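Working notes, beginning with the structure itself.
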Amino acid sequence: MKIPFNILSRTYKMYQTEYEQKALSVLKSGYYILGSEVDAFEQEFAAYVGTNYAVGVGSGLDALVLTVRALDIKAGDEVIVAANTYIATVMGITINQAMPVFVEPDETHNIDSSRIEEKITPKTKAILVTHLYGQACSMDKILSLCEKYNIKLIEDCAQAHGAMFQNKKAGSSGVGCFSFYPTKNLGCFGDGGAVTTNDKDMAEKLRALRNYGSEKKYHNKVIGCNSRLDELQAGLLRVKLSHLNELINERRQIARVYLEEIKNPQIILPLIADGCSHTFHLFVIRSRKRDKIIQWLEDNGIETAIHYPIPPHLAEGYRHLGHKKGDFAITEKYADEMISLPLFNGMSEDEIRYVVEKVNQCRSIK
Ligand SMILES: *Cc1c(COP(=O)(O)O)cnc(C)c1O
């Protein structure tokens, strides 16, 4: 059997008629940028996340860059961020000339909240948490630190649409930055992103920044950029958002089979922390035999991925930050041990069983 890491067309086929009707209606409407579909999507998405506002932007990276900018975080400021996040999170900080201050993850792969306080300095302007792989971070300690030191909270929710800590959705505690890149749990058919917030001023700033810095046409208060969610993507996202809960449930069911049936002493399964819900954007296991397991699965037709093999502090592009191998030992160990197994909407029972069977069969790899 051949199992690719992802088959996005399966999700398309589930809702094909709805997608096609929506696409045609947008094409026929004559409105393609900042029209009624974006307005409607912003309202529906804010309601879904549980915030007063959502602002559509061009990508997840732009959501981060514009949020950091709207919070007036700039050169000389520091932002605390998980060392094992996707590099785009860090770029959201450095594109604004601010300094990322890395913190190690804990066993859940999310930022270790017990290691944050020691990194707070008078220059710290924000904590930027990533709800990694679809699991919401444990937020109570983080929120109390933000309050104690009067610093902002930014949430990178690119992998965590619908994930919750206790009863709060990711993106509703701080300023939420979302990506709608096609592979994300709420993905569109191109690039897209959004920022969620309860703060009216923040939403207005973001609406201006995404559109050349103008709230009113041709009145440019600041130098912004062109980063708008388009009508076609917004319309298609509305279709997917209306099915997001069932799509997340399907992912959870596949994850449950993996969690219950993968039994291999060489493999560490994902850990779910108390009060943190997981939407399984990615199903990430760890093993010291990582490379051999990947090879064995590949030989058996199963494609895997690594999220992520090189942590941001060791990326070539960040050499000027002055970090070296060994600076973040947990992050580096995880980067050497992680494997993401195929888990996607529309995966058949046979495909799920086959992955379990092959992962269990490679227990004797030396
Ligand atoms: C995908 C992703 C981003 C970037 O989103 P784009 O839409 O690709 O720009 C940022 N952070 C995390 C954690 C991501 O997974």
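Every read-out reported here was derived from the displayed coordinates using simple, explicitly stated rules and does not represent laboratory data. Remember, predicted model here, so these are calculated numbers, not experimental data. Every residue, glycine among them, receives a Cβ derived from its backbone with ideal geometry; neighbour counts consider all protein chains shown.
Annotations for the structure displayed:
- Net charge over other residues, Cβ less than 15 angstrom from the Cβ of TYR133 (K, R count +1; D, E count -1): -1
- The mean sequence separation of alpha-carbon pairs under 8 Å and at least six residues apart, normalised by the residue count of the chain, gives a relative contact order of 22 percent.
- Averaged over residues, the count of other Cβ atoms within 10 Å places the peptides 189-196, 246-253 in the sequence 189-196, 246-253, highest first.
- For the chain, calculated [θ]222 nm from helices alone, where every DSSP H run of n ≥ 4 adds -39500 (n - 2.57): -11000 deg cm²/dmol
- Per-residue Cβ neighbour rank within 10 angstrom, fewest leading, ASP199, ASP72: ASP72, ASP199
- GNM flexibility winner over the chain from LEU232, LEU244, LEU27 (Cα, springs under 10 Å): LEU27
- Here the contact order of the stretch 171-240, divided by its residue count and restricted to Cα pairs under 8 Å and six or more residues apart, works out to 26 percent.
- Distance between the stretch 300-360 and the stretch 1-53 - C-alpha centres, whole angstrom: 28 Å
- Square roots of 5 times each gyration tensor eigenvalue, C-alpha, the stretch 259-302, largest first, Å: 23, 12, 9
- Per residue, the convex hull volume that the Cα atoms of the stretch 214-366 enclose (Å³): 211 Å³
- Linear extension gain, ILE151 paired with LEU321, 0.36 nm per residue minus alpha-carbon span: 58.9 nm
- Here the relative contact order of the stretch 62-185, from alpha carbon pairs under 8 Å that lie six or more residues apart, stands at 22 percent.
- Using only side-chain charges placed at the Cβ, +1 for Lys and Arg and -1 for Asp and Glu, the dipole size of the chain relative to its Cα centre rounds to 380 debye.
- Each peptide in 106-114, 295-303, 172-180 receives the mean, over its residues, of other Cβ atoms within 10 Å, and ordering these scores from highest gives 172-180, 106-114, 295-303.
- Semi-axis lengths (Å, descending) of the ellipsoid that matches the C-alpha gyration tensor of the chain: 33, 28, 17
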